[in-house]
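My questions will all concern the structure given below.
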Amino acid sequence: QVQLVESGGGLVQPGGSLRLSCAASGSIFSIAYMGWYHQAPGKQREWVARITSGGSTDYVDSVKGRFTISRDNAKNTVYLQMNSLKLEDTAVYYCYAEVQQTARGMFRNYWGQGTQVTVSS
């Protein structure tokens, strides 16, 4: 099995910063994409950012220039540096990883349990 464990959420004032981490462990042969979604109260889960094993990144328009996704392939860990946080960034943030467990196996998405980010004055 594969487990993803997130950390780094919390309470921050508008304009502040937080860094989320998500470490994947278990039976892992390779990981293609790693990334983040968030879900605000009363809203659907929304994709935020992703990064390939080669370091290519994509972001939703609302976080471009404020959030940076990065990855440590040796540690199977993905990070989300969130700067200039806004009230509307308040949400539960979920990491995901597209994991291949054996050399001939198919890739499958695994999810973390979520970490709360609250932006409030």
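The values are calculated or read from the model by the stated rules, or taken from the named source; none is laboratory data. Nothing here was measured: the structure is a model prediction, and the numbers come from that model. All Cβ positions, glycine included, derive from the backbone under ideal geometry; neighbour counts span all protein chains shown. We work out accessible area using only protein heavy atoms, side chains counted, and drop any ligands, DNA or RNA first. Shrake-Rupley method; radii C 1.70, N 1.55, O 1.52, S 1.80 Å.
Name the residues in the range 81-95 that are open to solvent by 20 Å² or more (accessible area, probe 1.4 Å), under 14 Å from Val48 (Cα atoms) and out of contact with any Lys or Arg (no Cβ under 8 Å at 6 or more places or on another chain), would you?
Glu88, Thr90, Val92
Let me ask something else about it. Kindly provide the set of residues from the range 1-20 that are open to solvent by 30 Å² or more (accessible area, probe 1.4 Å), in contact with a strand residue (DSSP E or B) (Cβ under 7 Å, 6 or more places away or on another chain) and either at positive phi or free of Cβ contacts under 8 Å to residues at least 60 places away in the same chain (or both), ordered by number.
The answer is Gln1, Gly8.
Looking at (1) of a type outside the set (Asp, Glu); (2) without any contact (Cβ under 8 Å) to a residue 60 or more places away in the chain; (3) open to solvent by 50 Å² or more (accessible area, probe 1.4 Å); (4) within 21 Å of Arg108 (Cβ to Cβ), can you tell me which one Ser27 breaks?
For Ser27, the failing item is (2).
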